[in-house]
Amino acid sequence: MVSSQPSRSGSQPGSQPWWRGATVYQIYPRSFADSGGDGIGDLPGIRARLADLAWIGIDAVWLSPFYPSPMVDFGYDVSDYCDVDPLFGTLDDFDGLVADAHALGIRVIIDWVPNHTSDAHPWFADACSGPDSARRNWYVWRDPAPDGGPPNNWTAAFEAGAPAWTFDAGSGQWYLHLFEAAQPDLNWDEPDVEKAMHDVLRFWFDRGVDGIRADVIHCIGKDPALPDDPPEVAGIPHSALNDVAVTHGRLRHIRDLVDAYPGDRVVVGEVYLLSSAAVATYYGNGDELHLSFNFPPLYARWEASAWRRCLEDTTSAFDPRHAWPTWVLSNHDNPRHRSRYDLGAAWSGEDEATRGRRSEARARAAAVLLMTLRGTPFVFQGEELGLIDAVVPPERRVDPGGRDGCRAPIPWDGSTSHGWPVDDGGSTWLPFPPESASRNYSAQRGDPGSVLHLYRRLLQLRKAAPALRWGSQELLVAPEGVLAYGRADGDGRWTVLVNFTDGVVGVDDLGAEVGHDAAPPVVEVASDRTGEGSPFSGRLLPDQAVVLRAGSSGGAGSTRPGSGRAASSAGSSGALLSN
Ligand code: NOJ
């Protein structure tokens, strides 16, 4: 049993909870690091790499599921919520991981999958044993429709048009599954289900975890009448539509349970509704989710106007509720953002050579955006290396949702097996991403100009600048193709400029607007390092993003990581080193 706590205090200065100022790193355990040689990552593998994450400056890790599972949905089909699948290790390994992470000042968030179990879970086996079984009502059963078909028109995720229902010949009823048939939905209307899932939370919080990422949390309440989805959205997986009032009371119960623990534990909800306004309601009145994923920005095109709209929509939906946003560009369910932006460029007619030239530049600019927006950024393992998706040949495809490419193993070094101790003749469960011989962790760690170092410098800057962690944010008028915003906190003022175009853009007139009138703003971080430490030239290079520190009228020092100069102090416009 782990009793360790992170070495940093639960709350940050100014009584901000830690998760507002944190950068969270998503680990997909199968693909992160292996200790055993079976080509599948595991908990000891993660443990051995925690120091590398601390070096980057990560504040918390979110571990995708590592529980016993038949792996139909690679762990999101849980057959025992309170153990570790032997593929990944043991509970002792987990405890050791939490202790090591805490010793390094890294918090641990785990995935909690409350909407469905695996069909191999003993609860479901009992439910299937007959209509009178003790746990029959733990799942959602309905009689057939009059024509003998599924009870309603809901469709499941993954396979276009597949019904969200499977017929159980034994009982003559259908059971609901918003995902695979092997992932039956739990019935949260049954009080014992709520109680059992709360017990799961207690099991892990008692072991010392700092938070949970709650899988499709907006789905734990369903309209008891199970009405058909309206014709205009029929065919869209119901998991992307389910939005009913009863869920909010259940979130308040979860929140009460979690807030009773010391140390600002956090619930990050996956609310997969493609509207920021709808997502915001899941924060309640500060009494439901602490944080929620917000998918419209993840799906936004790499265009200044699209991102401007995302910022406006998020601000107008979240601010009135004092809800704290999250920002996510990539995760284990979607093509990596560098791959998506490359694809978007191809669709808009960009030729191959130009795409090749701009690809990494766009990923670098996206890193600056992610790390400087007001809210909690989530980094998906490997994006800090600028990875693109693996090309997975048909015979190696394994995921029912077609998501293998983004789940490729992390290349740790340039050797043939990229730091994975694969047994003789074996291979990793998925192929490595392209360019792994050169684009890998150890090569980039040794190269100060790498994407990895850019992420590290941005993380260091966030830590040094309260304004970038929890300051205000103001959208600024900017030339076509440029997104501009200011961040401020007390005397600290910053301007971020992101050039989404392939051309040089002049932004001379921004200075007065953001109050950079005393002295020209200084380039603290540039996505391509150009001009760092110098007054901003007023020109953005193609695909360049810059973080500008307000010019000082009183001799503020640089906070630039590694600059060696003293941090500015109160009264100047520079940032304060606060930890
Ligand atoms: C969302 C998870 O992110 C995804 O990987 C999973 O397939 C579904 N929920 C079902 O659990």
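The values are calculated or read from the model by the stated rules, or taken from the named source; none is laboratory data. Every value quoted in this text rests on a predicted model; they were computed, and no experiment measured them. Glycine also receives a Cβ, built like all others from the backbone with ideal geometry; neighbour counts cover every protein chain displayed.
A few notes on this one:
- Taken as a whole, the condition of being in contact with a His (Cβ under 9 Å, 6 or more places away or on another chain), within 16 Å of the ligand (Cβ to nearest atom) and within 30 Å of residue 105 (Cβ to Cβ) applies to residue 215.
- Residue in segment 112-122 that is closer than 28 Å to residue 44 by Cβ, away from the ligand (no atom under 16 Å from the Cβ) and under 24 Å from the mean Cα position of the chain (by Cα) present: no
Matching residues to (1) within 30 Å of residue 325 (Cβ to Cβ); (2) in contact (Cβ under 8 Å) with a residue 40 or more places away in the chain; (3) assigned to a loop (DSSP other than H, G, I, E, B); (4) away from the ligand (no atom under 16 Å from the Cβ):
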site: 37; (1), (2), (3), (4): no, yes, yes, yes
site: 50; (1), (2), (3), (4): yes, yes, no, yes
site: 68; (1), (2), (3), (4): no, no, yes, no
site: 82; (1), (2), (3), (4): no, yes, yes, yes
site: 87; (1), (2), (3), (4): no, yes, yes, yes
site: 99; (1), (2), (3), (4): no, yes, no, yes
site: 125; (1), (2), (3), (4): no, no, no, yes
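- Residue in segment 413-423 that is away from the ligand (no atom under 16 Å from the Cβ), at positive phi and in contact with a helix residue (DSSP H, G or I) (Cβ under 8 Å, 6 or more places away or on another chain) present: yes
- Segments classed as helices (runs of 4 or more DSSP H), wholly inside segment 241-318, with at least 2 members that are aliphatic (A, V, I, L, M) and either modelled with pLDDT of 95 or more or more than 16 Å from the ligand (Cβ to nearest atom) (or both): 246-259, 276-280, 304-318
- Of the numbered criteria (1) within 16 Å of the ligand (Cβ to nearest atom); (2) assigned to a loop (DSSP other than H, G, I, E, B); (3) at pLDDT 95 or above, the one residue 160 fails is (3).
- Residue selected from segment 52-66 under the condition of a type in the set (Phe, Trp, Tyr) and more than 12 Å from the ligand (Cβ to nearest atom), by the criterion surrounded by the fewest Cβ atoms within 10 Å (Cβ to Cβ): 55
- Complete set of residues in segment 234-251 that are under 21 Å from the mean Cα position of the chain (by Cα), hydrophobic (A, V, I, L, M, F, W, C) and under 16 Å from residue 179 (Cα atoms): 240, 241
- Residues of segment 52-65 classified as closer than 19 Å to residue 200 by Cα and either outside any loop (DSSP other than H, G, I, E, B) or without any contact (Cβ under 8 Å) to a residue 40 or more places away in the chain (or both), total: 2
- Single residue of segment 169-195 satisfying the filter (surrounded by 16 or more Cβ atoms within 10 Å (Cβ to Cβ) and more than 28 Å from residue 278 (Cα to Cα)) that is farthest from the ligand (Cβ to nearest atom): 171
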